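Structure first, then comments.
The values are calculated or read from the model by the stated rules, or taken from the named source; none is laboratory data. Computed from a prediction, not measured in an experiment: that's the story for all the values here. Because the Cβ atoms are built from the backbone with ideal geometry, glycine has one as well, and the counts that use them run over all protein chains shown.
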Amino acid sequence: MASKLGGMRYDLVIFDNDGVLVDSEPISNRLLAAYLTELGHPTTYEDSIRDYMGSAMHRVHELVEERTGQRLPDDFDDVFHARVFAAFERELKPVAGAAEVLEQLAADGVPYCVASSGSHERIRVGHRTTGLDRWFDESRVFSSQDVGRGKPAPDLFLYAADRMGVAPGRCAVVEDSPLGVRAAIAAGMDVYGFTAMTPAERLRGATQLFTSLGQLTDLLE
């Protein structure tokens, strides 16, 4: 990939993690749908993608209770994460082009970080399994756990920008979920919508849409 980022118009690139850097959405939504169904809340894979992709775990609890009046078991998160991490170890891959984009940003000295609805543990397991951990020390990893309120609230992106010392208006967010796009817009940041798993019309409002990570460096100039 030619080095073209010298003229980049952003001071920080904030990546969502699931579906953008690691190809985890098919795995986790398959398992979430199965677990909710097992607990008596019939959910298809498509339902899970539509309702929960890109959201923090508290949204799953809130939506189920809102719709059924029933609360999920107290150990729901622990059981779900155990299943997800076991599946990650077996089958998780990086999203095609992720390592190349990170290598390019690092080579050109462009600051970047990850800001994910997932827990710190989930981010770490995913990065370790896919080999992306070499690009992310602790100072570059932010989770909705750090702020309490997940996407579509802007809190996580604003927190990441603040910790990285960059004004929101100088940040570009890379997202693949409607909730993430809404959060970035609310934070006053440009947002690039990755349509690999999400129909373009659901990412309406994004600064620009793209279909493969290989296109990203040119878009960010």
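Name the single residue, out of those in the stretch 135-154 being out of contact with any Leu (no Cβ under 6 Å at 6 or more places or on another chain) and buried (at least 19 other Cβ atoms within 10 Å of the Cβ), that is nearest to G97 (Cα to Cα). Filtering the stretch 135-154 for residues that are out of contact with any Leu (no Cβ under 6 Å at 6 or more places or on another chain) and buried (at least 19 other Cβ atoms within 10 Å of the Cβ), the one nearest to G97 (Cα to Cα) comes out as F136.
The selection criterion, being free of Cβ contacts under 8 Å to residues at least 40 places away in the same chain and not assigned by TED's automatic domain parsing to the domain that holds R59, does not hold for D108. Any chance the stretch 210-220 includes a residue that's surrounded by fewer than 22 Cβ atoms within 10 Å (Cβ to Cβ), farther than 18 Å from S24 by Cβ, free of Cβ contacts under 8 Å to residues at least 40 places away in the same chain and small (G, A, S)? The answer is no; no qualifying residue exists.
Residues checked against (1) closer than 17 Å to M53 by Cα; (2) acidic (D, E); (3) touching a residue at least 12 places away in the same chain (Cβ under 8 Å):
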| site | (1), (2), (3) |
| --- | --- |
| L158 | no, no, yes |
| A167 | no, no, yes |
| A184 | yes, no, yes |
| M189 | no, no, yes |
| E201 | yes, yes, no |
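Would you confirm, using the coordinates I've provided, whether V101 is part of a loop (DSSP other than H, G, I, E, B), at pLDDT 95 or above and within 21 Å of D190 (Cβ to Cβ)? Judged against the criteria, V101 is not a match.
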